[in-house]
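Worksheet for the structure shown next.
The values are calculated or read from the model by the stated rules, or taken from the named source; none is laboratory data. In this text the structure is predicted, and so the values were computed from the model without any measurement. Positions of Cβ are generated from backbone atoms using ideal geometry, with glycine treated the same way; all protein chains shown enter the neighbour counts. Accessible surface is based on the protein model in full, side chains and every heavy atom, while ligands, DNA and RNA are left aside. Shrake-Rupley method; radii C 1.70, N 1.55, O 1.52, S 1.80 Å.
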Amino acid sequence: MIEGLILNQLFQDLTDPFLIAALVLVTIHFGTPLAYYWYAKTQWLPKPWNIRVNGNYRPKVTVIIPTYNEAEFIQSKLDNIYDQDYPKSLMKVIVVDSASSDGTPKLVEEWASKHRNINLELIQEPIRRGMVPALNYALQHCQVDAEIVVFTDVDSFWDINALKKVVSYFHDPDVGAITACIVPASSANEFEETYRSYYNLLRAAESKVHSTPVHNGALVAFRTDLLYRIGGLPSYTGNNDSTPASIIAFMGYRAIQVDDIMVKEPITENQFYRKVRRAQHLLLSFLKTKQYAKELGVYRCNKPFEKVWKVEWWLHVVNPWLLIICAILLVMGASYSSLSAIVLLGTGLMLLMSKLYRTWILQQLYLVIAAVRNLWTREIAWSK
């Protein structure tokens, strides 16, 4: 008899419009990315790159490193660049420092005095304005005559063959931007490991179709002439990777993440803040970049990339809010003793035991928090 009453209650709940709306929203929220991931993995990832790679291609390369109070990492980073299996005569390193107060410029000068066989230039901004303004400052005040310019974070470290592999893809004139896969320097953070595994696969799959709209500042390389053609890095967002790469993809060039170059990045104590800040910049990129490319007059309709852009736009801008609305509807239903709502909320809480599910929920929260923070701050220059 009790089972009959429970079944009767569940049946009545299923006619509740709020519960129906919640079920529809949760189905869309989880179904869309799952279907997209499955399609990308099974249909796109197995495709050939269709890129004319040349391992002997050796253009001039300029590596630009923005710094602000990076005394802990800067000399190790310069060692990492110096150790690249690439001719020193074809390399130039520019360190652009944004008014560091911890002696970073002095450490750069000290390192340069011991490594005179590589062309290194240190330029110093009088005030700190943020990474994008610093990189634009370097592009404006240094003669970047190299064919390829590479931006990199000071706390990321490349494999010894990374630079050689990056330039080999630029042998194909259709390639305009390249980024690498990031792997955590430590395996202690289960969220980061799970997230990066999902992330790297999807970005490589999108790149095989044509381009991916999401790139990594740990290592992102561009054709120099394309960066100057678009007037440097846009100032409406604080990222130096996804935004210019997406503009280049809208120009018709391929902007790809390759799967044979790995960069190690440390997991910091302020990882939550770092993730939210990156999400803020990524959201601004999705909201403004396509229109910005049209205003520059460089936009070219590219159907394969447009498809990828639309799905990723939905997943970053809209999809996280469906989860929030769904949760609110279920909590309202549970407060009115809806058995179905209570069961669904309990199921969601139990699923948090799954590492993959936890990772997804955290990522959605980062995007929601980032969207709210963008209402009053873009975090172009953040506190350290």
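List of remarks:
- Placing unit charges on each Cβ (+1 for Lys and Arg, -1 for Asp and Glu) gives the chain a dipole about its Cα centre, and among 242, 299, 90 the Cα reaching farthest toward its positive end belongs to 299.
- Straight-distance candidates among the aspartates and glutamates for linking to residue 165, with alpha-carbon spacing under 17 Å and chain neighbours fewer than 8 residues away dropped: 83, 85, 147, 174, 259, 260.
- Accessible surface of region 96-179 [probe 1.4 Å, protein heavy atoms]: carbon and sulfur percent: 46
- Listed residues 41, 355, 77, most fluctuating in the chain (Gaussian network, C-alpha, under 10 Å): 355
- Taking 25 °C and 0.890 mPa s as conditions, region 84-183 diffuses translationally at an estimated 161 µm²/s according to Stokes-Einstein applied to its Kirkwood radius (Cα pairs).
- Extents of the chain, largest first, come to 87, 45, 39 Å (Cα atoms, principal axes, whole angstrom).
- Accessible area in square angstrom per residue, the chain, 1.4 angstrom probe: 46
- Region 85-116 versus region 228-273: alpha-carbon centroid distance in Å: 23
- Couplings 3J(HN,Hα) of region 108-119, computed from phi: 5, 5, 5, 5, 4, 5, 9, 9, 7, 8, 10, 7 Hz, in residue order, whole Hz [Karplus 6.51 cos²θ - 1.76 cosθ + 1.60, θ = phi - 60°; x for Gly and Pro].
- Helical content alone sets the calculated 222 nm signal of the chain at -16500 deg cm²/dmol, taking -39,500 (n - 2.57) per DSSP H segment of four or more residues and averaging over every residue.
- Long-range HN-HN contacts of residue 64 with modeled amide H, under 5 Å: 94, 150, 151, 152
- Note, ³J(HN,Hα) from phi for region 281-288, Karplus 6.51, -1.76, 1.60, rounded to Hz, x at Gly and Pro: 5, 5, 4, 4, 5, 5, 7, 10
- When the pairs 275/303; 41/77; 114/164; 47/77; 47/264 are compared against a 28 Å limit on Cα-Cα distance, 275/303; 41/77; 47/77 fall above it.
- Candidates 184, 173, 213: whichever shows maximal mean-square fluctuation once the chain is modelled as a Gaussian network with Cα springs under 10 Å: 173
- Calculated on alpha-carbon atoms, Rg and Dmax of region 165-244 in Å: 14.0, 42
- Note on the chain: with charges restricted to the Cβ of Lys and Arg (+1) and Asp and Glu (-1), its dipole about the Cα centre is near 880 debye.
- Alpha carbon centroid spacing (whole Å) that separates region 125-203 from region 314-369: 34
- Each residue of region 21-34 was assigned a 3J(HN,Hα) from its phi angle through the Karplus curve 6.51 cos²θ - 1.76 cosθ + 1.60 (θ = phi - 60°); the sequence is 4, 4, 5, 5, 5, 5, 5, 5, 4, 8, x, 4, x, 5 Hz, with glycine and proline shown as x.
- Percent accessible area from carbon and sulfur atoms, region 270-384, protein chains only, probe 1.4 Å: 70
- Here region 21-62 has 63 percent of its accessible surface on carbon and sulfur atoms, given a 1.4 Å probe and all protein chains in place.
- Acute angle (nearest 10 degrees) that the helix 131-141 long axis makes with the longest principal axis of the chain, alpha-carbon atoms: 30
- Qualifying aspartates and glutamates (Cα of each under 17 Å from Cα of residue 310; at least 8 residues distant if same chain): 206
- For the chain, the longest principal axis of the C-alpha atoms and the axis of helix 339-351 are separated by about 30°.
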